Structures are given as C-alpha cells and as structure tokens.
1. Considering only the range 27-49, how many residues are open to solvent by 60 Å² or more (accessible area, probe 1.4 Å) and either in contact (Cβ under 8 Å) with a residue 60 or more places away in the chain or in a strand (DSSP E or B) (or both)?
2. Would you mind finding the one in 115, 92 that is out of contact with any Ser or Thr (no Cβ under 7 Å at 6 or more places or on another chain) and within 15 Å of residue 13 (Cβ to Cβ)?
3. Suppose we filter the range 13-26 for residues that are touching a residue at least 40 places away in the same chain (Cβ under 8 Å) and either of a type in the set (Asp, Glu) or in a strand (DSSP E or B) (or both); how many remain?
4. Within the range 55-95, which residues are in contact with a Leu (Cβ under 8 Å, 6 or more places away or on another chain), open to solvent by 30 Å² or more (accessible area, probe 1.4 Å) and assigned to a helix (DSSP H, G or I)?
5. If you scan the range 1-12, which residues turn out to be among the aliphatic types (A, V, I, L, M) and not in a loop (DSSP other than H, G, I, E, B)?
6. Which residues, taken from the range 55-79, are farther than 17 Å from residue 116 by Cβ and either in contact with an Asp or Glu (Cβ under 6 Å, 6 or more places away or on another chain) or among the hydrophobic types (A, V, I, L, M, F, W, C) (or both)?
7. Across the range 123-139, what is the total count of residues that are open to solvent by 10 Å² or more (accessible area, probe 1.4 Å) and either outside any helix (DSSP H, G or I) or under 16 Å from residue 37 (Cβ atoms) (or both)?
8. If I ask for residues that are part of a helix (DSSP H, G or I) and surrounded by fewer than 18 Cβ atoms within 10 Å (Cβ to Cβ), which ones from the range 96-115 would you list?
Amino acid sequence: MLDDLYQEVILDHYRSPHGKGLREPFEAEAHHVNPTCGDEITVRVHMDGDKVSDVSYDNIGCSISQASASVMYDLVNDKPLQDALATLESFSQLLTGRGTVEADEEVLEDAVAFSGVAKFPARVKCALLSWMAFKDAAARATATRGETHD
C-alpha cells in the first residue's frame with residue numbers, strides 16, 4: 001500500500017514537475033549526465049547571501065530522474081544553503097542505504113517516496129543525478145562569491 005502511494009508521488013512529480021525551466025539570474029550552473037542510462041540535467045543556482053534564492057533546471061531522462069529533480073527543487077529552493085545541503089545529505093544516505101535507512105519525512109517530505117529506489121542500485125544514480133548537479137552548481141556559486149573582478 002505504501003509502495004503504491006510512493007509510486008504515485010513519483011509519477012505526480014514526473015507528470016507535473018515543480019520549478020522546471022532554466023531561469024536567470026544565476027551565479028553558477030552544472031550539467032551532469034548519467035552515462036549508464038542517458039539521463040541529463042542542467043541545474044542553475046542563484047544565491048542571495050547564504051540562501052538559495054532560486055534553483056532552476058532542465059532535464060531529460062527516466063521518470064525517477066525527472067521526478068527527483070522536481071522534489072529537489074521543492075526541498076532546496078528558497079532555503080538557506082546549509083539546510084539545502086543537509087537535506088541533500090539525508091536524501092543521499094536514504095538512497096545509498098540499500099533499503100536499511102529510515103526516512104525522516106519531516107526533512108525529506110516527498111523525497112521519502114524514493115526510499116524504494118535504494119533497493120535498486122542501478123536506479124540510485126537516476127535519483128541522485130539532479131541533487132549532485134545542484135551540489136556542484138551551489139559549490140561553484142559560493143566559490144565565485146569570494147572572487148573579485150577588476
């Protein structure tokens with residue numbers, strides 16, 4: 001029964017993705033590809049101080065990778081970067097735990113729907129693709145803040 005609910009959450013995010021579409025302004029972007037299956041994503045991050053003011057993305061791929069990007073948007077957009085990265089870490093632990101990690105629904109919200117993916121190592125990369133691209137873009141955005149331009 002719970003698996004059916006989780007499957008429906010993933011399909012809802014796949015059919016009606018939240019935050020999809022590349023937007024400006026942005027400080028950094030990252031493009032990641034899963035060579036195993038061909039999923040691709042470009043993520044842009046716009047920072048306002050230490051807050052992720054906007055995260056936008058464009059992606060192609062399976063329902064899991066596309067739905068995960070939508071959930072990622074909901075969980076990191078308009079949040080302090082530190083909180084967004086902590087959520088990413090919780091999601092990563094859930095997916096790499098091979099089904100042994102208990103999901104914290106208060107932290108992960110709709111992302112708990114991906115707990116079943118942890119049992120399928122080939123699909124874990126699909127679910128993590130957008131999150132790793134976000135982490136990369138956020139690191140680039142924060143690195144450029146420290147630079148001075150003449």
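The values are calculated or read from the model by the stated rules, or taken from the named source; none is laboratory data. Small disclaimer: the values here were computed from a predicted structure and weren't measured. Because the Cβ atoms are built from the backbone with ideal geometry, glycine has one as well, and the counts that use them run over all protein chains shown. With ligands, DNA and RNA removed, areas are computed over all heavy atoms of the protein, side chains included. Shrake-Rupley method; radii C 1.70, N 1.55, O 1.52, S 1.80 Å.
1. Count: 8.
2. The unique qualifying residue is 115.
3. The number of residues fulfilling the criteria is 1.
4. 63, 90
5. 2, 5, 9, 10, 11
6. Correct list: 55, 60, 61, 69, 72, 75, 76.
7. Within the range 123-139, residues that are open to solvent by 10 Å² or more (accessible area, probe 1.4 Å) and either outside any helix (DSSP H, G or I) or under 16 Å from residue 37 (Cβ atoms) (or both) number 6.
8. Correct list: 96, 105, 106, 107, 109.
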